[in-house]
Amino acid sequence: MSLRVLLFGTQFPPSAAGTASYTHALATGLSASGAQVRVLTQAPPSLTGPAPLPSDVAIPQTVTDDDIDVQWIPYTTSAVRRYVRCRAALVQEIARFQPHCLWTTNGMGTRVAGLVSKLGAPRWPTISCVRGTDISSRLPGRTPARWLESVFHRRCYARSSAIAVVSRALCDVAVAKGLSAQRLFVSPPAFDLRKSASARAQAVRSPTTILTVARLQRQKRIDVLLRAMALVRQRHDAARLIVVGEGPQRDRLERMTFELHIDEHVDFVGSIEPRSAALYEQYERAGIFALPSVREGLGNVFIEAGAFGLPAIGCDDGGTPEVVVDGKTGLLVPPDDQHALAEALDRLLADAELRQQLGTQAHSHVEDHFSIESLGQASFEMVQRVVAGKDTVADVQPAAVPG
């Protein structure tokens, strides 16, 4: 009898969020390892449509994506209705699917699962997932409402059989925030290397093209990258920056390019669908990947860059060093240091042999530590463990990344 695992959260492709990519990779890996997997998630507005629904009770619609069984919860912008619909859908899906294990993939999924359990649903083994913002800004919450939410959130984590954390760095944060170290295990994002195998062999790279992929918000520090780019342009006239992504800072960042006189050398191409041929083409063409973000749980885009053999530049902060290993798969710089970032870019732009060496090692690093196969097998073993009633997992490090 195969183990039935229900993955529950509020983000799944076509969402570009890191949680969506993680959930897709987790579902793919668990299925490949022999589990029967179903995903219960909130539908994007484009799938649900703008028309009002006849009921606040979610009636999920079954669709198939890459052979993954997905149940969509109708979308709503109302936080209250979102909780109502997600709770109703989860109760319904547990009764219908009867999972051996529930795996929540983001903070809201964890809270809704805790709410269902509080309301008297049968107890089942639960694995909760900790992403960066789930604990960095929500434990405790910064407003009265968020603070009350965080109290319940802690209780949900305390009731979990195990807690999946995306990086070792985030494990330290989780323990400092009061989560039980005995229940934490590392479960990082992963990449399907079959998607990049042929592309890497055929890629025609532009050695002077620098690529960044990010939501355009303050945490990603694209403004620091633009200032570094202005410095780099003084020494490398052919250098060009491609910015993939949308976000609240786009207008400000575009204005910055004019102020820094680099507007003709920076292209904002907007959002590109995750795991699409169009996005992979950007990785294939670039010579360097750079993202000076801070407080990253890990950084899916660094894994994607490594999968395509790109040397990466990131900040020595959060979980980034677990993917960007300084001097091995890329270069690390201090946070918010445009001069150090410019020097790192200058170093890679000027040294083709170093770019090739770091890019090759980056691909090997992803293959060894962030493949779908390693995530799936380790996750399947963890599900077996919690279903067997073994709550303490501190001695287990599935899909562990180098310390």
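Taken together, the values in this text are just the output of simple stated rules run on the coordinates, not laboratory data. Since this is a predicted model, take the numbers as computed values, not measurements. FYI the Cβ positions are ideal-geometry reconstructions off the backbone, even for glycines, and counts take in every protein chain you see.
Starting from the Cα gyration tensor of the stretch 178-252, take the square roots of the eigenvalues, sort them a ≥ b ≥ c, and report rounded, prolate or oblate (rounded when a/c is under 1.5, otherwise prolate if a/b is larger than b/c, else oblate).
oblate
Any chance you could run the full-extension gain for His339 through Val84? It's 0.36 nm times the residue separation minus the Cα-Cα distance, nm to one decimal.
86.9 nm
In nm, what is the difference between 0.36 nm times the number of residues separating Phe258 and Val204 and their Cα-Cα distance?
16.5 nm
Which FRET efficiency value, to the nearest 0.05, is calculated for Val175 and Arg285 with the Förster distance at 45 angstrom and r the Cβ-Cβ distance?
On the way: r = 41 Å, r/R0 = 0.92.
Efficiency computed from Cβ-Cβ geometry: 0.60.
Under the classification rounded if a/c is under 1.5, otherwise prolate if a/b is larger than b/c and oblate if not, where does the stretch 303-348 fall, given a ≥ b ≥ c as square roots of the Cα gyration tensor eigenvalues?
oblate
When ranked by the protection proxy of mean other Cβ atoms within 10 Å per residue, highest first, what sequence do the peptides 332-339, 184-191, 73-80 form?
184-191, 332-339, 73-80
Subtracting the Cα-Cα distance from 0.36 nm times the residue separation, let me have the gained length for Thr360 to Arg159 in nm, one decimal.
68.1 nm
Relative to the Cα centre, what is the charge dipole magnitude of the stretch 347-389, using +1 at the beta carbon of each Lys and Arg, -1 at the beta carbon of each Asp and Glu, and rounding to the nearest 20 debye?
140
Which order do the peptides 286-298, 231-243 come out in when sorted by mean C-beta neighbours inside 10 angstrom, highest first?
286-298, 231-243
Quick check: from the Cα gyration tensor, does the stretch 194-369 come out rounded (a/c under 1.5), prolate or oblate?
Note, shape of the stretch 194-369 comes out rounded.
Taking the Cα centre as origin and putting +1 on Lys and Arg beta-carbons and -1 on Asp and Glu beta-carbons, what dipole magnitude results for the stretch 194-369, to the nearest 20 debye?
Here the stretch 194-369 has a charge dipole of around 280 debye.
Could you pull out which residues in the stretch 340-379 have an amide N less than 18 Å from a spot 7 Å beyond the Cα of Gln234, following the Cα-Cβ vector?
340-350, by backbone N distance to the label point.
Report the net charge of residues surrounding Arg252, where surrounding means a beta-carbon distance below 11 angstrom and charges are Lys +1, Arg +1, Asp -1, Glu -1.
Details: positive: Arg218, Arg250, Arg255; negative: Asp223, Asp251, Glu254, Glu259.
Taking every Cβ under 11 Å from that of Arg252, the sum is -1.
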